[in-house]
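The values are calculated or read from the model by the stated rules, or taken from the named source; none is laboratory data. On a predicted model such as this, the values are computed, not experimentally measured, just so you know. We place every Cβ from the backbone using ideal geometry, glycine too, and count neighbours over all the protein chains shown. Each accessible area value is taken on the protein alone, full model and side chains, heavy atoms only, with ligands, DNA and RNA left out. Shrake-Rupley method; radii C 1.70, N 1.55, O 1.52, S 1.80 Å.
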Amino acid sequence: MTKHVLLTGAGGFVGSHVLRRILSDTDWRVTCPVTLRHHGNSDRFAPYLADRPDWAARVRTFLCDLSCPIPPTSVAEIGPVDYILNIASESHVDRSISDPAPFVRNNVELMLNMLEFARQAQPKVFLHMGTDEEYGPAYGDYLHREWDTVLPSNPYSASKATQSALATSWWRTYQVPVVLTRTMNLIAPGQDAEKYVPMVIRKVLAEEAVQIHASPDGVPGSRHWIDAREFAGAWLHLLEHAEVQRHPDYDRPTMYHVVGEERSNLEIAQTIADILGKPLKYELTSFHESRPGHDLRYALDGAKLSGLGWTPRRSLEETLQDIVGWCQANPQWLGAR
Ligand SMILES: NC(=O)c1ccc[n+]([C@@H]2O[C@H](COP(=O)([O-])OP(=O)(O)OC[C@H]3O[C@@H](n4cnc5c(N)ncnc54)[C@H](O)[C@@H]3O)[C@@H](O)[C@H]2O)c1
């Protein structure tokens, strides 16, 4: 029988790519609680649903702020679900630092509400999206492994670590079939202008200097980067191949890192400037002074997921080419929000 998925965050950057990938690669039906709050934007999925009525017929959206429990009438309308894919969260570190309380409350409350929904709905898998930032900085050339010590540096990463902790306890106490993933900087067309790649494109086009965060002795910050469309493929691969560990056979839920390629922030900016055919103007700024709570390097080990047979198809350079082309064709997405 056709599978039925509940997908949160479909109006966000990552969720819209996951929705599209589900529609293109499967025949599943997808129900999406969406809100235009918390940076949700139906313009992320409305254009491709308008182009594909056969896809639109498999998607049902309903307005729902997940910081409150899903109302019983909506629960009844949703009906049985095979998979819950939980992507929704407030996601911007700077906003979590400037106004932490509503940000953290939102991420904790929506997680509680989704886990409580899962307790009733009893899906086969509850797949949750976490971040490399839960571990805090990775020093030297260290790559964090699944279940390393969690040491969040800012309210965003603490709220994400709290989501993982809640999911782990609902897995243990209520047998919710949680599978946790942690991933890194996601990039692709459709990202908010406040994020690094669109911000660099905007500044290079305007011939303004890009601020590159660096250590006090001038070493640029570094991240692993992955295409959100590749990430969506990894999630479908996990739904097909990952074992859902159960208590008491295991003492913790299944976790996978979804990992792309490492580049410094300066290398990413330089590649974007090269694609645009413009010079890169930049200033190195000490991340300690300019961005308290930010870490110089995040890094994850992706060997476990590679061992399960998944590797990204696109190179980082191809992704950056795509994003630059898309932003030039859709300049409205480069305006600051
Ligand atoms: N973008 C990245 O680089 C990255 C890296 C690692 C992990 N993540 C995780 O991926 C997820 C999505 O990130 P994104 O970049 O797409 O963010 P985004 O800000 O573009 O989208 C977030 C989505 O969550 C929804 N949301 C937030 N609070 C909600 C609530 N109370 N009720 C209903 N919906 C709510 C928003 O409406 C939006 O659709 C987040 O969980 C984030 O922590 C993102």
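Among the residues of region 36-57, those that are within 16 Å of the ligand (Cβ to nearest atom), assigned to a loop (DSSP other than H, G, I, E, B) and open to solvent by 40 Å² or more (accessible area, probe 1.4 Å) comprise Leu36, Arg37, His38, His39. Test Leu66 against the criterion of being buried (at least 19 other Cβ atoms within 10 Å of the Cβ) and under 22 Å from Pro102 (Cβ atoms), and give yes or no. Against the criterion (buried (at least 19 other Cβ atoms within 10 Å of the Cβ) and under 22 Å from Pro102 (Cβ atoms)), Leu66 qualifies.
Here Gly335 passes the criteria (1) closer than 18 Å to Arg202 by Cβ; (2) modelled with pLDDT of 95 or more except the one numbered (2). Which one is modelled with the lowest pLDDT, of the residues in region 1-12 that are open to solvent by 10 Å² or more (accessible area, probe 1.4 Å) and within 6 Å of the ligand (Cβ to nearest atom)? For region 1-12, the residue satisfying everything is Gly12. The set of residues in region 13-35 that are more than 16 Å from the ligand (Cβ to nearest atom) and either within 19 Å of Glu230 (Cβ to Cβ) or open to solvent by 70 Å² or more (accessible area, probe 1.4 Å) (or both) comprises Leu23, Ser24, Asp25, Thr26, Asp27, Arg29. Looking at the structure I just gave you, is Glu243 charged (D, E, K, R), open to solvent by 20 Å² or more (accessible area, probe 1.4 Å) and farther than 22 Å from Arg145 by Cβ? Considered against the rule, which asks whether it is charged (D, E, K, R), open to solvent by 20 Å² or more (accessible area, probe 1.4 Å) and farther than 22 Å from Arg145 by Cβ, Glu243 comes out as no. Quick one: would you say Val204 is open to solvent by less than 10 Å² (accessible area, probe 1.4 Å) and closer than 30 Å to Asp82 by Cβ? No, not satisfied. For the structure I just gave you, tell me whether Ala234 is crowded, with 22+ Cβ neighbours inside 10 Å, within 16 Å of the ligand (Cβ to nearest atom), of a type in the set (A, V, I, L, M, F, W, C) and outside the structural domain of Leu320 (by TED's automatic domain parsing). For Ala234, the condition - crowded, with 22+ Cβ neighbours inside 10 Å, within 16 Å of the ligand (Cβ to nearest atom), of a type in the set (A, V, I, L, M, F, W, C) and outside the structural domain of Leu320 (by TED's automatic domain parsing) - is met. Screening region 113-142 for residues that are within 11 Å of the ligand (Cβ to nearest atom) and not acidic (Asp, Glu) and picking the one that is farthest from the chain's Cα centre (by Cα) gives Asn113. As a summary of the residue check, Asn106 satisfies the conditions (1) within 10 Å of the ligand (Cβ to nearest atom); (2) touching a Leu at 6+ places or on another chain (Cβ under 7 Å) except for the one numbered (2). Note on region 192-231: residues that are within 12 Å of the ligand (Cβ to nearest atom) and small (Gly, Ala, Ser) amount to 2. Scanning region 58-76 for residues that are part of a loop (DSSP other than H, G, I, E, B) and within 16 Å of the ligand (Cβ to nearest atom) gives Cys64, Asp65, Leu66, Ser67, Cys68, Pro69, Ile70, Pro71.
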